[in-house]
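Presented below is the structure to which this report refers.
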Amino acid sequence: MRVLLTSLRLQFKQSLSRSTYRFVIIIQPILNTILLYFILSNKNFVNVGEYLFVNVSVMNLWSSIVFSSLSDLTREKRMGVLGSNFASPVKFQWIYGGKVIANLILALWSFAVSYLIIQYVFDLNIVLPNVYTLITVYFLLLISFTTLSLFLSYFFLLNRQAIFWINVLEYPIYLLSGIATSIQKLPWFLQIISWLLPTKWIVGLLHQIFNAKYNILTSANVYGLLILTALYGIGIIVMNNIMERKILVEGQLEVY
Amino acid sequence: MNEYMINLDKVSRTYKEKNGTDFVALNQISLNVKKGTIHGLIGPNGAGKSTTMKILSTLLLPSSGTVTMKGIELQSNLNAVRQDINFIYGGERDLYWRLTARENLEYFSALYSLKGVEQKEKIKELLELVQLTDVANKKVETYSKGMKQRLQIARGLLNNPRILLLDEPTIGLDRQSAEEFKNIIRHLAANGTTILFTSHYLEEVEDLSDEITIISRGEIVASGTAQELRSNIGKELYVHAVVENVVNRKQAITLFSRYFGDELSVEKYVERTGNVIEMKVSLSNKKLDDVKLSSFVQNSKIREWKIGSPSLDEIYRYYTTV
Amino acid sequence: MRRWGTLIWLSYKEQYATFNLISFMVYKIVQPMIQVIFFVLLISKNGDSNIKSVVLTNIILAAVVNAAVYSGVILSNERVQGTLKLIVASRNDTFKIVFLRSLAGIIDAIIMVIVPIILAKFVLHIDINSIDIIAVVITVFLGMLAAIPLSLLIGSMSLITTDLNLFINLFIFVINFFSGALFSSQKLPYLWQVISNFIPLHNSIQFAMAIFNERQPHINWQLVIFSGREISISIVLIIVNVVIYKKFERTAQKGGTLELY
Ligand SMILES: Nc1ncnc2c1ncn2[C@@H]1O[C@H](COP(=O)(O)OP(=O)(O)O)[C@@H](O)[C@H]1O
Ligand SMILES: [Mg+2]
């Protein structure tokens, strides 16, 4: 537990010291909001502000995942610190769990950034749901994205082309999350993939919470997210074993 | 058995190569390191030194054989030994460049469950030891190579390791820092830390090691104290000579038989460029007549000539040249 | 001339040396196409746009931006590998080398335009006539011209910043935002509209849209203005970039930033 906290605290420092990361959590949300605003500004429906907010937020979350699970890890690989983390008495997944959570906590600030822009710069009214709903949703986002991000970290840890693939995945993920078009319009096999993405459920959930009368406890999206979190949790355990095997048996960790 | 802190018993390690074939990096290595001693591991590039170090650092499992550390069988108990070992690999790796030296040490010490006052004290002590106290709050990316290397050393000592593994730890250190590093190592060993290290600087190895192991192409070719290694080759006779007009083994033997007679039997013959040959010869009659010998040298157009104890450098070349 | 060809081709090959055919196709065709699909779907939510024009201009936009980014990436890779130092230190004119490398992006742009258009025609059944093809060719030509100073700019930036990614992201945003392909520039405030006229690629996209939207083909003064503007902007920017590059190179040599990882 203490390790998790130390890992978390130092990750805050490291991330914030990187201008790329400050860009991801502050500038990027602003740019995405502006771009989507202009693309959608002819759209004639009442809650365009909320629509913008949901889409931009999910795009930002994905950017932060890309950042935390991949470019950060690649960096660790390049600095050669994976070995000394791996060979320490602490379980690898706790160490990297701390790092991922730290990045996500920072990344969730981008929600605030896009909210402020939409509400005050573009003057589109967003009616926030009550505090409890917000906290619940925040918590759900945090755990579901932590597990996804950690899962992806493992997946790409020993992959040389990690950065390449994750960049390539950006727009497909947006599409599959239902940002540009309704998921029902996609072919069935793509729909199945989209069920496996927390972003799909988050888009649904975020749309729902702006309906004041909606009780999120009855939302299928909440349960979808919980189930996915559990699934990715199992995935992490499996991946951890695979990774240990790859390092110890196949000798794929290039310590030297 | 328990006097050994590190014990490798017929350890092999193969790597899968890109084309699918197996490459044997370590072949049935057996090696023992006594508690509180310094053991040097030398050998040419690709000999398998780093592979050995990785296995002992719990970063790699052997393909076969048994590894025991402080009496615990390693393969199935990785976590049981991790608290008590640490490693320092040469170069600038193993550090977070965007954190300060102090933060790096905080981070890694947390991985070894150091906390509170104990943690602070330890970090302070180590920063002083590697002389980084003044720059402890600067980011590592602003450090020179040598400073990063010294910080690595501090990192490797955070958990007071009972076994310390060093893979080319002095690479990139200037003479003075390397000297200070050697003192640290001696001091640690005197206090009971067991140390296994690799290096390409033979002078340093001879200077530091209680025992030395020479490894070549994944196999141990010699092991023991420097004295033992020396007498292994040199106890009978070790000849290092620069000879004119010697082109092959047969000629060399004929030449030397003229002096040594039938008593000579060549155990190893190595030819190098520039007419330098090295031979390990056995003699049934070990008594050498200095007067006869020098007249032989003069008559045989042998320009340089040495009989007796080889230097570590010669021992090394003797064993590692094919 | 042959030597130049070799240099361009080798630069191109080197960049993709770690790619196999599949990852190359994903990177150069699949990914940009999904990006185009994403934006086209988003744009078509507004309902009032000409789908053919949206699809074609977005394909061109994605291709040119990707090609321009290419040389920046190559340069930043060289920094990591340490070969950049060698180039700057070598007697060869650095600028020439960087210039050649940015030209290698042309190969990209061609691949990335032709394949998606064929797919758009046969998969999305977008009706493309011969006039459109001519318009596409001219636009790609204009776009490539615009891409040269852009890639040079990335190249220059890589000399003085360690966070090239950040710069590239900003850069992609600016080009996309002002291009007019994602939304009509007329939606922008007046001052921004004026600015967008001076942003590379904007005029090429306007040029293409004018042809795609107007069904009957004829060369009118508008087309001349668009292409004239793009050409002059490109030439001015190339000259400016040469100066910037030299300056940054000196800064880099003085400040020792080349040594950074
Ligand atoms: N992960 C790996 N995959 C394949 N071959 C490897 C791997 N690691 C090391 N080798 C090979 O094993 C041999 C021994 O390497 P190493 O132990 O690093 O040697 P040394 O440290 O003595 O120079 C070398 O030939 C090297 O190419
Ligand atoms: Mg080695």
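The values are calculated or read from the model by the stated rules, or taken from the named source; none is laboratory data. Source: prediction; values computed, not measured. Here Cβ is always computed from backbone atoms with ideal geometry, including for glycine, and neighbour counts include all displayed protein chains.
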Scanning the range A:30-64 residue by residue, those closer than 12 Å to A:L106 by Cβ and not small (G, A, S) turn out to be A:N60, A:L61
Residue hits (the range B:180-203; surrounded by 19 or more Cβ atoms within 10 Å (Cβ to Cβ) and within 16 Å of ligand 2 (Cβ to nearest atom)) are B:L196, B:F197, B:T198, B:S199
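Does any residue of the range B:12-29 turn out to be crowded, with 20+ Cβ neighbours inside 10 Å and within 13 Å of ligand 2 (Cβ to nearest atom)? Before you say what the answer is, go through the steps one by one.
Kept after step one, since they are crowded, with 20+ Cβ neighbours inside 10 Å, are these residues of the range B:12-29: B:13, B:25-26, B:29.
From the residues that got through so far, the ones that are within 13 Å of ligand 2 (Cβ to nearest atom) too are B:25-26.
Looking through the range B:12-29, at least one residue is crowded, with 20+ Cβ neighbours inside 10 Å and within 13 Å of ligand 2 (Cβ to nearest atom).
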The residue from A:S63, A:S57, A:S41, A:S15 that alone is touching an Asp or Glu at 6+ places or on another chain (Cβ under 9 Å) and away from chain B (no Cβ under 11 Å) is A:S63
*asked:* Condition check: touching a Leu at 6+ places or on another chain (Cβ under 6 Å), among the small types (G, A, S) and more than 28 Å from B:Y318 (Cβ to Cβ). Does B:S64 satisfy that?
replied: no
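Among the residues of the range C:168-192, write down those that are of a type in the set (A, V, I, L, M) and surrounded by fewer than 19 Cβ atoms within 10 Å (Cβ to Cβ). Walk me through how you get there before you give the answer.
We begin by selecting, within the range C:168-192, every residue of a type in the set (A, V, I, L, M); these are C:168, C:170, C:172, C:174-175, C:181-182, C:188, C:191.
C:L170, C:I172, C:V174, C:L188, C:L191, listed by residue number.
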Of (1) within 14 Å of another protein chain (Cβ to nearest Cβ); (2) more than 16 Å from ligand 2 (Cβ to nearest atom); (3) part of a strand (DSSP E or B), B:N7 fails just (1)
Taking the range A:194-240 and keeping residues among the β-branched types (V, I, T) and surrounded by fewer than 16 Cβ atoms within 10 Å (Cβ to Cβ) leaves A:T218, A:I227, A:I234, A:I237, A:V238
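May I ask you to verify whether B:T58 is touching a residue at least 12 places away in the same chain (Cβ under 8 Å), closer than 20 Å to A:F86 by Cβ and within 12 Å of ligand 1 (Cβ to nearest atom)? If you could, list the steps in order and put the result at the bottom.
On the way: touching a residue at least 12 places away in the same chain (Cβ under 8 Å): yes; closer than 20 Å to A:F86 by Cβ: yes; within 12 Å of ligand 1 (Cβ to nearest atom): no.
The answer is no for B:T58.
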Filtering the range A:70-98 for residues that are within 22 Å of A:L31 (Cβ to Cβ) and within 9 Å of another protein chain (Cβ to nearest Cβ) leaves a count of 1
Within the range B:160-179, of all residues that are away from ligand 2 (no atom under 16 Å from the Cβ) and surrounded by fewer than 18 Cβ atoms within 10 Å (Cβ to Cβ), the one nearest to B:A80 (Cα to Cα) is B:N160
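State yes or no: is B:Q119 away from ligand 1 (no atom under 16 Å from the Cβ), over 30 Å from B:H200 (Cα atoms), assigned by TED's automatic domain parsing to the domain that holds B:T225 and polar (S, T, N, Q)?
Details: away from ligand 1 (no atom under 16 Å from the Cβ): yes; over 30 Å from B:H200 (Cα atoms): yes; assigned by TED's automatic domain parsing to the domain that holds B:T225: yes; polar (S, T, N, Q): yes.
Yes; evaluated as a whole, the condition is true for this residue.
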> Would a scan of the range A:99-118 turn up a residue that is surrounded by fewer than 19 Cβ atoms within 10 Å (Cβ to Cβ), within 14 Å of another protein chain (Cβ to nearest Cβ) and modelled with pLDDT of 85 or more?
Replying inline: no
Considering the range B:14-33, residues that are within 21 Å of B:F87 (Cβ to Cβ) and within 14 Å of chain A (Cβ to nearest Cβ), and then whichever is farthest from the chain's Cα centre (by Cα), we arrive at B:Y15
Log entry, pairs with first residue in the range B:24-49 being not assigned by TED's automatic domain parsing to the domain that holds B:D9, second being within 8 Å of ligand 1 (Cβ to nearest atom), beta carbons closer than 6 Å, six or more apart or on different chains, reads none
Considering only helices (runs of 4 or more DSSP H) wholly within the range B:34-139, the ones with at least 1 residues that are surrounded by fewer than 24 Cβ atoms within 10 Å (Cβ to Cβ), more than 16 Å from ligand 2 (Cβ to nearest atom) and more than 8 Å from chain A (Cβ to nearest Cβ) are B:78-82, B:101-111, B:116-129
